[in-house]
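Novice: Pasting a structure here, questions to come.
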Amino acid sequence: MSKSAKKPSLTKSPLSARAVKPSRQFADDPKTNKANAGSKQARVIAMLQSPTGTTVAAIMKATGWRQHSVRGFLAGVVRKRLKLKLVSRKVNGDRIYQIASGDSGITCQAA
């Protein structure tokens, strides 16, 4: 038996067979950073932007979240994803969190 010539492959090249996936939106896209007006995230951000700030207990009451969820939201969403400067201070034994604005002159330590 002799070797026959190699038959052409029926498969297409790997690049042409793959479907091109649409790229993911980046975190700095303005559409992804805005929360719905009535969402829990929007309510918490509004509480943090108030002149008096807010406590973890107040955020827990407003959202129904547990303490670890509130702290995770503050670290993961407010600080990391939204890149907002979150400051805290102790007033009468209570920890008050607030988003620092450039003109408010808040000079507190971050928690």
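The values are calculated or read from the model by the stated rules, or taken from the named source; none is laboratory data. The shown structure was predicted, so the numbers you read here are calculated from the model rather than taken from an experiment. Cβ sites come from the backbone with ideal geometry, for glycine too, and all protein chains shown count toward neighbours. These area figures cover heavy atoms from the full protein model, side chains too; ligands, DNA and RNA do not enter into them. Shrake-Rupley method; radii C 1.70, N 1.55, O 1.52, S 1.80 Å.
Novice: I'd like to verify a number: residues in segment 39-48 that are assigned to a helix (DSSP H, G or I) and exposed (fewer than 14 other Cβ atoms within 10 Å of the Cβ), how many?
Specialist: Matching residues across segment 39-48 total 1.
Novice: Just give me the residues in segment 70-100 being open to solvent by less than 50 Å² (accessible area, probe 1.4 Å) and not in a strand (DSSP E or B), in sequence order.
Specialist: Kept after step one, since they are open to solvent by less than 50 Å² (accessible area, probe 1.4 Å), are these residues of segment 70-100: 70, 72-78, 82, 86-88, 96-100.
V70, G72, F73, L74, A75, G76, V77, V78, L82, A100 - these are the residues of segment 70-100 that are open to solvent by less than 50 Å² (accessible area, probe 1.4 Å) and not in a strand (DSSP E or B).
Novice: So how many residues does segment 84-93 have that are basic (K, R) and either in contact (Cβ under 8 Å) with a residue 24 or more places away in the chain or within 14 Å of L48 (Cα to Cα) (or both)? Steps first, please.
Specialist: Taking segment 84-93 as the starting set, the residues that turn out to be basic (K, R) are 85, 89-90.
Those still in the list that are either in contact (Cβ under 8 Å) with a residue 24 or more places away in the chain or within 14 Å of L48 (Cα to Cα) (or both) too: 85, 89.
Residues meeting the conditions: 2.
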